[in-house]
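Only one structure is covered here, and it is reproduced in the block below.
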Amino acid sequence: MIITLKDGFKKEYNKPMSIIDIAKDISEGLARVACAGQLDDKVVDLRTVVAEDALLNILTFNDDEGKKAYRHTTAHILAQAVKRLYPDVKLAIGPAIDTGFYYDFDREKPFLNEDLEALEKEMKKIVKENLAIERFELPREEAIALMEKNGEDYKVQLIHDLPEDAVLSFYRQGEFVDLCAGPHLMSTKPIKAFKLLSTAGAYWRGNENNKMLSRIYGTAYTKKADLNAYIEQIEEAKRRDHNKLGRELEYFTTCDVVGQGLPLMMPKGAKTLQILQRFVEDEEEQRGYELTKTPLMSKSDLFKISGHWDHYKDGMFVLGDEEKDDEVYALRPMTCPFQFMIYKTKQRSYRDLPVRYTETSTLFRNEASGEMHGLIRVRQFTLADAHIFCTPEQVAEEFKGVIDLIKYVMKAIGIENDVWYRFSKWDPNNKGKYIDNPEAWEMTQSMMKKIIDEIGLDYTEADGEAAFYGPKLDVQCKNVHGKEDTLFTVQIDFVMAKRFEMTYVDKDNEKKYPFIIHRSSIGCYERTLAMLIEKYAGALPTWMAPVQAIVLPISEKYQDYADKVYHQLRDNGIFVKMDDRAEKIGYKIRESTMQKIPYLLIVGDKEAQNKEVAVRSRFKGDEGAMKLDSFIDKIKEEIDTKAIYMD
């Protein structure tokens with residue numbers, strides 16, 4: 001047989017060979033760092049025997065799939081350590097993830113962070129023992145019997161849920177055996193640098209109706225230096241975490257009495273949201289959008305027409321009981337059906353199109369309790385929402401206009417280099433999730449792909465991520481902890497016009513259905529604010545800062561001049577505060593600096609005499625004395641141009 005390697009080099013063998021033996025034949029060094037193999041297009045275990053011509057890539061930790069095998073092996077070492085120290089614990093699942101791995105355990109007393117040190121110590125023993133890792137398969141009945149004998153109820157459930165023809169593979173290292181598809185390393189010895197990071201609760205299979213398990217997160221690298229760098233990155237992420245920093249800086253708070261996922265925006269948070277909202281609404285008006293304002297709830301009839309009642313009801317807050325009440329209402333999870341009713345108030349001509357309706361919408365979604373986090377995932381949120389009704393000939397130009405608006409907004413808030421694009425398509429195998437019209441799906445997806453290719457966007461594709469009524473272009477980002485989320489989205493809808501009987505009269509005097517583009521320009525304001533707090537570590541650019549300058553009189557003797565400075569700044573539209581407490585100036589400077597206010601204006605005798613302010617900024621530190629009028633001109637230019645200065 002002939003094995004073709006990644007670089008095109010060919011190796012010929014006269015008998016079947018395992019991938020690890022092929023790696024050894026190429027180089028002992030390669031075999032030592034091999035983590036898995038890619039046989040043709042499939043990732044496989046190093047123990048896999050190759051018996052015919054094939055393309056082979058030996059995967060190392062430098063490859064994504066190699067990292068997964070390395071970290072998955074570390075997850076098994078963790079599970080083995082847990083079983084050694086706590087034999088009664090039951091195993092659930094323990095996959096590799098982008099940043100490392102986790103393992104879920106069923107333990108009467110959940111694991112705490114203080115338990116991790118002892119577990120790490122036991123893991124190091126297992127690595128040092130250099131246990132060979134063996135793979136074996138069992139028939140279904142024998143596999144179930146083995147897991148029942150070991151008391152692993154969750155593994156038994158997993159086996160029952162697998163197809164009848166599924167291969168049931170296990171991995172053994174020493175006394176430890178786990179049901180697992182693999183791949184894994186050849187032994188425990190290569191695991192060089194690992195760290196258990198945290199504990200958390202996690203529902204079995206992510207379902208809040210199931211039992212809460214105890215999850216342990218960890219990560220692993222081949223080099224101690226890389227592990228240390230990652231740990232430092234985690235510490236930096238903790239310092240930037242909006243859920244911590246946003247509360248410390250008094251942007252928002254939460255309260256159990258109010259409810260989970262219902263953040264209370266404090267004055268600073270509300271001010272920044274107001275700044276962003278005015279910026280977006282003014283820009284949209286310049287681009288031909290018309291503002292609407294629609295109800296926060298509707299009768300279920302509206303959502304039944306749109307299809308949300310069938311496809312989205314579980315995610316809605318329903319008011320009333322369909323079996324008992326004549327009318328059932330629901331808080332709106334989206335704006336589109338309401339704006340559709342505005343479109344329908346009169347007959348439209350092709351000359352009227354495009355119609356662009358925008359709204360700053362308060363929306364409600366019944367998120368699962370385990371999914372909510374700070375301002376990123378909430379039950380009530382505010383969306384910069386809009387819908388464009390256009391002819392088929394106008395779709396491409398309108399779509400490009402939406403992308404231009406989104407790019408403009410992203411540049412203004414400084415995140416254009418922190419995002420990427422995802423073309424989200426339907427999954428034809430999941431008919432219950434989507435409108436069942438394959439021809440329309442293929443036509444609309446081809447249309448969207450052609451448009452985004454013409455724009456020249458660099459994007460990935462994702463099956464099964466479309467809206468139920470059409471494909472999407474999603475603008476994706478990651479928070480400081482590496483979790484991916486959608487910031488903005490643009491959708492082409494081929495369904496709703498017909499459902500709502502929205503028409504226009506075309507040039508041929510025939511009634512036709514418009515295409516509808518659903519879009520957000522700055523996305524969910526709360527989520528965007530969370531991202532901005534994390535990106536700037538709370539030190540927002542001056543133009544969107546809730547407090548842009550603070551006046552600090554050295555003592556009460558200079559209060560009159562400090563008041564004049566304060567009022568002159570305020571009269572020029574600058575968001576200014578005054579700290580006139582009877583505290584030492586050094587203390588007030590430190591407090592204002594901790595609050596990440598862009599400009600500190602210190603006034604004393606010299607400043608009062610010369611009509612100056614002593615300026616300290618986040619960007620340059622002590623900038624010295626400056627005429628008050630000159631400072632006002634300076635900060636106004638910075639605000640008007642939406643300058644982005646990083647500390």
Legend entry - Residues within segment 51-102 that are assigned to a helix (DSSP H, G or I), of a type in the set (Gly, Ala, Ser) and farther than 30 Å from LYS11 by Cα, tallied: 3
Legend entry - Condition broken by VAL495, with the remaining ones in (1) closer than 30 Å to TYR230 by Cα; (2) surrounded by fewer than 22 Cβ atoms within 10 Å (Cβ to Cβ) satisfied: (1)
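Yes or no, residue by residue, for (1) surrounded by fewer than 21 Cβ atoms within 10 Å (Cβ to Cβ); (2) in contact (Cβ under 8 Å) with a residue 12 or more places away in the chain; (3) farther than 18 Å from PHE101 by Cβ:
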site: PRO163; (1), (2), (3): yes, no, yes
site: GLN173; (1), (2), (3): no, yes, no
site: ALA200; (1), (2), (3): yes, yes, no
site: ASN207; (1), (2), (3): yes, no, yes
site: LYS211; (1), (2), (3): yes, yes, yes
Legend entry - Of all residues making up segment 444-460, the number that are surrounded by 13 or more Cβ atoms within 10 Å (Cβ to Cβ) and not aromatic (Phe, Trp, Tyr): 9
Inset, instruction - Check segment 479-491 and report whether any residue there is modelled with pLDDT of 90 or more, assigned to a loop (DSSP other than H, G, I, E, B), more than 30 Å from GLU232 (Cα to Cα) and in contact with a helix residue (DSSP H, G or I) (Cβ under 8 Å, 6 or more places away or on another chain). - result: no
Inset, instruction - Would you check if there is a residue in segment 631-645 being assigned to a strand (DSSP E or B) and either outside the structural domain of ILE550 (by TED's automatic domain parsing) or not hydroxyl-bearing (Ser, Thr, Tyr) (or both)? - result: no
Inset, instruction - Please state which one of LYS24, LYS11 is out of contact with any His (no Cβ under 8 Å at 6 or more places or on another chain) and modelled with pLDDT of 90 or more. - result: LYS24
Legend entry - Selected residue (criterion: surrounded by the fewest Cβ atoms within 10 Å (Cβ to Cβ)) from residues of segment 251-284 that are assigned by TED's automatic domain parsing to the domain that holds HIS387 and among the β-branched types (Val, Ile, Thr): ILE275
Inset, instruction - Residue by residue through segment 16-44, note down the ones that are in contact with a strand residue (DSSP E or B) (Cβ under 9 Å, 6 or more places away or on another chain), in contact (Cβ under 8 Å) with a residue 12 or more places away in the chain, assigned to a helix (DSSP H, G or I) and farther than 13 Å from HIS184 by Cα. - result: ILE22, ALA23, ASP25, ILE26, LEU30
Inset, instruction - List the helices (runs of 4 or more DSSP H) that sit entirely inside segment 289-402 and contain at least 1 residues that are hydrophobic (A, V, I, L, M, F, W, C) and more than 19 Å from THR503 (Cβ to Cβ). - result: 300-306, 308-311
Inset, instruction - Return the total of residues in segment 157-196 being hydrophobic (A, V, I, L, M, F, W, C) and closer than 19 Å to ILE144 by Cα. - result: 12
Legend entry - Any chance ALA384 is within 30 Å of THR641 (Cα to Cα), within 21 Å of the chain's Cα centre (by Cα) and in contact (Cβ under 8 Å) with a residue 60 or more places away in the chain: yes
Inset, instruction - Among the candidates TYR566, TYR525, single out the residue that is in contact with a strand residue (DSSP E or B) (Cβ under 9 Å, 6 or more places away or on another chain), modelled with pLDDT of 95 or more, more than 30 Å from PRO392 (Cα to Cα) and in the same structural domain as PHE364 (by TED's automatic domain parsing). - result: TYR525
Legend entry - Sole exception among (1) outside the structural domain of GLU108 (by TED's automatic domain parsing); (2) assigned to a loop (DSSP other than H, G, I, E, B); (3) under 27 Å from ALA118 (Cα atoms); (4) not acidic (Asp, Glu) for PRO190, by number: (1)
Inset, instruction - List the number of the failed condition for ALA625; all other conditions in (1) outside any helix (DSSP H, G or I); (2) closer than 22 Å to LEU540 by Cα; (3) aliphatic (A, V, I, L, M) hold. - result: (2)
Inset, instruction - Within segment 435-443, identify whether any single residue is at pLDDT below 95, β-branched (Val, Ile, Thr) and under 30 Å from MET212 (Cα atoms), and answer yes or no. - result: no
Inset, instruction - Could you list, in sequence order, all residues of segment 49-60 that are surrounded by fewer than 21 Cβ atoms within 10 Å (Cβ to Cβ) and under 26 Å from LEU179 (Cβ atoms)? - result: VAL49, VAL50
Inset, instruction - Give the residues of segment 503-530 that are of a type in the set (A, V, I, L, M, F, W, C) and within 30 Å of VAL378 (Cα to Cα), sorted by residue number. - result: ILE516, ILE517, ILE522, CYS524, LEU529, ALA530
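The values are calculated or read from the model by the stated rules, or taken from the named source; none is laboratory data. What you see is a predicted model, and the numbers here were worked out from it, not measured in a lab. For neighbour counting, all protein chains shown are included, and Cβ atoms are generated from backbone atoms with ideal geometry for every residue, glycine included.
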